[in-house]
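Data block below; observations after.
The values are calculated or read from the model by the stated rules, or taken from the named source; none is laboratory data. Computed from a predicted structure; not experimentally measured. In this analysis, Cβ positions are derived from the backbone assuming ideal geometry, glycine residues included, and neighbour counts consider all displayed protein chains. Heavy atoms of the whole protein, side chains included, go into the accessibility calculation; ligands, DNA and RNA do not. Shrake-Rupley method; radii C 1.70, N 1.55, O 1.52, S 1.80 Å.
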Amino acid sequence: MQEIPKAYNPSDVEDKWYKYWIDKKFFHSEVDKSKKPYSIVIPPPNITGMLTMGHILNNTIQDILIRTKRMQGYNACWVPGTDHASIATETKVTNYLKEQGIDKHDIGREEFLKHCYVWKEKYGGIIISQLKKLGVSCDWERERFTMDEHFYKKVIESFVTLYNEKKIYRGYRMVNWCPASKSAISDEEVIYRSMNGKLYYLKYPITGGNDFLIVATTRPETMLGDTAVAVNPEDERYKKFVGKTIDLPIVGRKIPIIADDYVDKEFGTGAVKITPAHDINDYEMGKRQNLEVINIFNEDASTNDNVPEEFRNLDRFDAKEKVVTRFKELGLLVKIEDYQNKVGYSERGGVPIEPYLSEQWFMKMEELSAPALKAVEDGDVKFHPEHWTKTYAHWMSNIKDWCISRQLWWGHRIPVWYHKTTKEVYCGVTAPKDAENWIQDKDVLDTWASSWLWAYEVFETKEEQDYYYPTNTLVTAPDIIFFWVARMIIAGLHFKKDIPFNDVYFTSIIRDMQGRKMSKSLGNSPDPLDVIAEYGADALRFTIIYLAPLGQDVLFSSEKCEIGRNFANKIWNAGRFLLMNTEKIKLDKSLLDKHIDFADQWILSRFNQTVLDLTTALDKFEINNAIKIIYTFVWNDFCDWFVELAKNRIYTGEEEVKSAVLTRAISIFENLLKIVHPFMPFITEEIWNLIEERKDGESISTSAFPVADKALINPAAEKEMLFVQDIITAIRNVRGEKNIPPSKLMNVFLKSSSVTENQIAYIKKLGKVDNLTVGEGLAKPNASVSMLVKDCEIYIPLEGLIDLDAEKARLQKEIARYQGSLAGIEKKLSNPKFVDNAPAEIIEKERAKQRDWEGNIVKLKEILESLS
C-alpha cells in the first residue's frame, strides 16, 4: 500500500489530477445515441474578465451538476467559452493604444481590429486558465468564442433572417447614450443610482414685459437647448401666459409657453423647461407639440456648436457650473435646493448616461417575446428559485423594441450596405457583388444580440444540435435575466422552434461580511486564486456552496473556508485511519456481508437514505441542501460515530471479524467518496486512488454514482443506534459538565430491560465506562447523577470521580445566586407601578425568567440531594 501523508496538502494533488483528467479526455463528449445526453453551456465570461467569487459559485454549481450526471451514466457535455464583450474590450484596447501614443481613429478600423485580436489572444484566456484551477470539468476541446468563424457567421445569418422578416428596422430615436464608450446602450445596461443632487430654480423672462416664469430643473446646462416652457392646462396660475414667449437667457432665443397634460403641477413651481433633444419625456412632448429639437452635446457629452460660443467644448458638468454662475450674475438664479433623484449610469462606462437622439437599429420585440413569456408561464422552462418567474413575466409583458446597434468597431458588424449613388439598401450574409459601389453600415451589434444564440450555436453541426439541444440546465446570475436568459429563450423558440434549456438556476449574490456586494472598486473581493492557494480548491468549492441557500445572498470572507478545509481534513483522517489498518488486517471482499451487527445495519441504512435524499435534493436544484446532507452523513454518521464504533471490533475482534468490519468500512467509505466527488473532486480522486491500485484510465470521476438500495434502509437499526448514541452522549455530557478527565473510567448503571450485549460493548468503549451494570430492578446508587434516555434510567456514581464536598459547595452557591436573582424579580413583579405601566412583552419576559429560575433551583436541589 502507498504511504499516506499525515495531513492533506491540496497543492500536492490538484494540478496532478487535473492534468490526468484532461489527458484522459474524461470531460470530452461526442454524439452517442446509445446514451442520454446531459448538456450545459457556460455563461461565457468576458475576455476582459478575471475570476471573481461570483464565477466560483456559478461554476462550482455547474460542475456539481455535470459531474453527478457523468457518474450517473449520462453523456455529459459542458461547453465552455468566452464572450467578445464589445464595449469592455474596445475600451481596454483603446486605452492600451492610447498609452502607446496611438489614436484608434488614426490607424483605422481594420488595423484597430487586428490589435483587438492580438489583445484577445494575449489576455482573453486568463479567466479560462483561472477556472481550471477550480477543477471544473468542461469539455475544453469544445471551447467557443462569440466571434469565432462559425459563431460570427450564425450571428450575421440571424440578423439577415430577422431583417427579411421585417423584425429589424432602422429608426431615429432617443436612446441611452454612454459618453464614455460613445455608443448607444440598451435600457437593461443602465443602472440607476440614488444621488444627492440639487434642484435649481431659474427665472425665465416673458417677452415684452416684467413678468417671468420660474422653472425648477436638476440639469440647468440643458437650458441651452430649451425650445419651450410647459405648464399644465388646468393650472390656474399660468393660464394667462400660455401662447406667449420666453426670452431664453444666455441664448437669446424666443421659445413658446405651451400647455401639456404631462406637466405635474406639484413638481417645483409647476412650470418646466422643455429640452426635446435631451430628455425622453420632453422628446415625446416635443413630438406632440411640434417643437424644435436642438442637440447641444457631442458624442462625448461635451457641448457642441449649437450653444453660444463661450459655452462650447465644455464638459457637461463644467457647462452646468458655468450656466448656474451666469444665471447668478444675471440675477435670474432664485434658489438652489438639495434634491435626491435617481440617475442612470452606463453599466460598462461607469458614467451618467445621456438621453440622446440618434439613428439606430432596433429589433421589434412584441411578437418575438410572446412565445418566450408563455414558455416560462407554462413551466416548459422552470426557474429556481421560482419567484424570478414574476420578475421575468413583468419585464416580458412590458418589453420595448431592443436597440441592437452600437457605435463601436469590435463586434459583429451590421450586415447592411448603402449604395453610394442610389438610395438602395442591401442586407445580406455576404457583401454585394459590386462591393466597391456600396458602403457598409459602421455599427456593430449589441453583445447580447450575439450571445443570445449561445445555447445552440456552440454546437456546430446539425447532428450535434439535434442531440445536445435543448440543453438541460442554465446556471447564471439573476442580474442578466433580461440581458441573456430572456433573449436566449426568444432566440431558441424563434430559430430552433424549441426552448434552449429546461431549468434555469439563478445563483446568489456574493457579499462581504458587512453585506456589501463584492466589487473591484470597494476592494472587498478576495482573489479566488489566493483563496485556492491558501485553502485548496475543494475547500473553496465546499464553503461557497455551504454558505449559499437558494435565492439568498451569501456573506463570504476567506476565513470561512476553514469550514471546507476542516471537512476535507475530516475525510482525509477517516480514510487514513481505515487504510493504515490494512497493513495489519487483510481485506477480503467475500466477507462484505458477513459478521454484520446493528452498527453495520445502521451505517448502511444511513448511507442509502443519504443517497436517496441527496439525489432528490439535486433533482430539485437544492444544491445547498445537498451539501448539508453530505456533510451530516460524512462528519456525524460516518466519521464521528461509525469509525469510532468500528474501532472496537477492528482492535478486539477475531481475525475474520476484523477483516469483515474493515473491508465493509472501506467499501462504504469508497461509496462515500463518490457522493462527495462532484462537490470536492480533488481530495476524493486522491483517496480513491490510495484505496487500491487503479488501472491507467480509471477515475472516480467516471465511476458509477451510488444508487440508493431501499431494501437496506432500516428504520429499526436507525432507531436502535439513536438509542445507543443518546446513552453515550448522556454519559459524555456528565463527563464534560463535571470536568472528569478522559483518563478516568466511570462506572455506569442502566436501569432498563432493552439494552443488549452488543450495545453494551459499544457503550463501554465510546463512553469510556469501566463497569456497566444493566438490570430492570436497579436502585439508584448514593452520590450519583441520573438521566433518562427513552425508557432507560442512567445512574453515574460520582464518588472517586470528583470532589463531592467541592461539588456540593458549588451547587449551594449556584442555588443561592438563583434565589437572590429570583427575589429581585419577584419584588419587581409584586410592584403595582411596574405591572401597571410596563409593556406587556416586558412583563412576560420577566415572568419567563421567573419560571426558568424557579425550575433551575428545583433541578439544582435535586442534584444536591442526590449527592448527599
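So what's the gap between the Cα centers of region 697-728 and region 313-341, to the nearest angstrom?
Taking the Cα centre of region 313-341 as reference, the centre of region 697-728 is 74 Å away.
Can you tell me how much longer the chain between residue 32 and residue 632 gets when fully stretched, taken as 0.36 nm per residue apart minus their C-alpha distance, in nm with one decimal?
Result: 212.3 nm gained on full extension.
Once the other residues with Cβ under 9 Å from the Cβ of residue 74 are scored (Lys, Arg +1; Asp, Glu -1), what is the net sum? Don't jump to the answer; show the numbers that get you there.
Numbers: positive: 35, 36, 69, 70; negative: none.
Around residue 74, the charge tally is +4.
Along the charge dipole of region 521-642, Cβ charges K/R +1 and D/E -1, which of 578, 545, 635 sits furthest on the positive end?
Highest projection toward the positive end goes to 578.
Going by alpha carbons, how many degrees (0 to 90, nearest 10) lie between the helix axis of 562-580 and the longest principal axis of the chain?
Here the helix axis deviates by roughly 40 degrees.
Could you tell me the relative contact order of region 591-698? Use alpha-carbon pairs under 8 Å, at least six residues apart, and round to a whole percent.
31 percent
Between residue 655 and residue 3, what's the calculated FRET efficiency when r is the beta-carbon distance and R0 is 22 Å? Round to 0.05.
Efficiency computed from Cβ-Cβ geometry: 0.35.
Under 5 Å between amide hydrogens, which residues at least 5 positions from residue 42 or on another chain qualify, with H placed 1.01 Å from N in the peptide plane?
Long-range HN contacts for residue 42: 79.
Give me the percent of accessible area attributable to carbon and sulfur for the chain, probe 1.4 angstrom.
Carbon and sulfur together cover 48 percent of it.
I'm checking a number: the convex hull volume of the Cα atoms of the chain, normalised per residue, in Å³. What is it?
It comes to 258 Å³ per residue, whole-number rounded.
Rounded to the nearest Å, what's the spacing between the alpha carbon centres of region 15-43 and region 599-654? Just the number, please.
Value for the Cα centre distance between the two parts: 29 Å.
Compute the Cα gyration tensor for region 690-732, then decide on rounded, prolate or oblate, letting a ≥ b ≥ c be the square roots of its eigenvalues: rounded whenever a/c is under 1.5, prolate when a/b is larger than b/c in the other cases, and oblate in all that remain.
Verdict is oblate for region 690-732.
To the nearest 10 degrees, how steeply does helix 149-164 sit against the main Cα axis of the chain, on a 0 to 90 scale?
So the inclination is approximately 50 degrees.
For residue 550, what charge total do you get from the other residues with a beta carbon under 15 Å from its beta carbon, if Lys and Arg give +1 and Asp and Glu give -1?
Net local charge, residue 550 excluded: -2.
Using +1 at the Cβ of each Lys and Arg and -1 at the Cβ of each Asp and Glu in region 347-462, identify which of 352, 410, 368 lies farthest towards the dipole's positive end.
Result: 410, furthest along the dipole toward the positive end.
What number, rounded to the nearest 500 deg cm²/dmol, is the helix-based mean residue ellipticity at 222 nm of the chain, given -39500 (n - 2.57) per DSSP H run of at least four residues and division by all its residues?
-13500 deg cm²/dmol
For a quick check: with amide H placed at 1.01 Å from N, whose amide H comes under 5 Å from residue 271's, ignoring anything fewer than 5 positions away on the same chain?
Distant-sequence amide H within range of residue 271: 216.
By how many degrees, 0 to 90 and rounded to 10, does the Cα axis of helix 53-71 deviate from the longest principal axis of the chain?
For 53-71 against the chain, the angle is about 60 degrees.
Given the options 124, 343, 801, identify the residue whose Cα lies farthest towards the positive end of the charge dipole of the chain (+1 on Cβ of Lys, Arg; -1 on Cβ of Asp, Glu).
801
Okay, which of region 638-656 sit inside 19 Å, backbone N to the point 7 Å along the Cα-Cβ direction of residue 760?
The answer is 648-649, 652-654.
Fully extended, how many nm does the chain gain between residue 496 and residue 833 (0.36 nm per residue separation, minus their Cα-Cα distance)?
Difference between extended and current length: 113.6 nm.
Only four residue types carry charge here, +1 at the Cβ of Lys and Arg and -1 at the Cβ of Asp and Glu. Report the dipole size of the chain about the Cα centre in Debye, rounded to the nearest 20.
Using only the charged Cβ atoms, the result is roughly 1000 debye.
Rule-of-thumb check for region 473-582: C-alpha Rg over 2.2 N^0.38 Å?
1.45
If you count only protein heavy atoms with a 1.4 Å probe, what accessible area per residue comes out for the chain, rounded to a whole Å²?
Averaged over the residues of the chain, the accessible area is 46 Å².
Going through region 63-165, which GluC sites (Glu not before Pro) have at most 13 other Cβ atoms within 10 Å and a DSSP loop state? Could you put the intermediate results ahead of the total?
Working: sites: 90, 99, 110, 111, 121, 141, 143, 149, 157, 165; in loops: 143, 165.
In loop regions of region 63-165 (DSSP not H, G, I, E or B), the sparsely surrounded GluC sites (Glu not before Pro) are 165.
Under 15 Å from a point 7 Å along the Cα-to-Cβ line of residue 195: which residues of region 284-318 have their amide N that close?
Flagged as within label range: 301-302, 315-318.
Between residue 590 and residue 351, what's the calculated FRET efficiency when r is the beta-carbon distance and R0 is 51 Å? Round to 0.05.
The computed FRET efficiency comes out at 0.10.
Going Cα to Cα from residue 808, which lysines come in below 17 Å? Please leave out same-chain ones fewer than 8 positions away.
Of all the lysines, those that pass the test against residue 808 - Cα under 17 Å, at least 8 places apart if same chain - are 738, 859, 861.
Please find the FRET efficiency linking residue 288 to residue 437, where r is the Cβ-Cβ separation and R0 is fixed at 56 Å, and quote it to the nearest 0.05.
0.85
With a cap of 15 neighbouring Cβ atoms within 10 Å, and only residues DSSP puts in a loop, list the chymotrypsin sites (Phe, Trp or Tyr not before Pro) found in region 181-262.
262
Ranked by accessible surface with a 1.4 Å probe, highest first, in what order do 278, 387, 419 come?
387, 419, 278
What does the net charge come to around residue 705 if you take all other residues with beta carbon closer than 13 Å to its beta carbon, with K and R at +1 and D and E at -1? Spell out each step's value before the answer.
Working: positive: 67, 69, 70, 674; negative: 619, 670.
It works out to a net charge of +2.
Could you grab the relative contact order for region 235-352? Cα pairs under 8 Å, six or more apart, rounded to a whole percent.
Answer for region 235-352 is 12 percent.
For a paramagnetic label modelled at 7 Å from the Cα of residue 366 toward its Cβ, which residues of region 385-415 fall within the zone defined by backbone nitrogen distances under 14 Å?
397-402
Determine ³J(HN,Hα), in whole Hz, for all residues of region 77-84 in sequence, where each value follows from phi through the Karplus function 6.51 cos²θ - 1.76 cosθ + 1.60 and θ = phi - 60°; x replaces Gly and Pro.
Along region 77-84, the couplings run 9, 10, 8, x, x, 9, 9, 5 Hz.
Between region 819-849 and region 399-442, what's the alpha-carbon centroid distance in Å?
Each part's Cα centre sits 82 Å from the other's.
Where q = 0.09, 0.16 Å⁻¹, what log10 of I(q)/I(0) comes from the Debye formula for region 1-144, counting one point per Cα?
So the normalised log intensities work out to -0.40, -0.92.
Counting DSSP beta bridges in the chain, what percent are antiparallel, to the nearest 5?
Bridges in the chain are about 70 percent antiparallel.
I'd like the accessible area for residue 409, computed on protein heavy atoms only with a 1.4 Å probe and all protein chains in place. Round to 10 Å², please.
About 50 Å², rounded to the nearest 10.
Per q in 0.12, 0.13, 0.23, 0.29 Å⁻¹, report the Debye log10 I(q)/I(0) for region 510-566, using one uniform scatterer on each alpha carbon and no solvent.
Normalising to I(0) and taking log10 leaves -0.26, -0.30, -0.91, -1.22.
Which of the pairs 586/790; 69/400; 182/364; 133/462; 167/462 have their Cα atoms more than 29 Å apart in this structure?
Too far apart for the 29 Å limit: 586/790; 69/400; 133/462.
When a/c is below 1.5 the answer is rounded, else prolate if a/b is larger than b/c, else oblate, so apply that to region 79-173 with a ≥ b ≥ c taken from the square roots of the Cα gyration tensor eigenvalues.
Judged from the Cα gyration tensor, region 79-173 comes out oblate (a/c at least 1.5, b/c at or above a/b).
Can you run phi through the Karplus equation (6.51, -1.76, 1.60; θ = phi - 60°) for region 23-34 and list ³J(HN,Hα) in whole Hz, with x for Gly and Pro?
Using θ = phi - 60°, the values come out as 4, 8, 6, 5, 8, 7, 10, 10, 4, 9, 5, 7 Hz.
Roughly speaking, what is the stretch gain from residue 530 to residue 309, that is 0.36 nm per residue apart minus the C-alpha to C-alpha distance, in nm to one decimal? Please report the intermediate quantities before stating the final value.
Working: separation 221, 0.36 × 221 = 79.56 nm, distance 5.51 nm.
Computed gain between residue 530 and residue 309 is 74.1 nm.
Charges only on Cβ, +1 for Lys and Arg, -1 for Asp and Glu: so what's the dipole of region 168-300 about the Cα centre, in debye to the nearest 20?
Values: 17 positive and 20 negative charges, 74 e Å.
Its charge dipole is roughly 360 debye.
Over region 790-865, what is the relative contact order in percent, taking alpha-carbon pairs closer than 8 angstrom and at least six residues apart?
Numbers: 27 pairs, mean separation 31.8, N = 76.
Relative contact order here is 42 percent.
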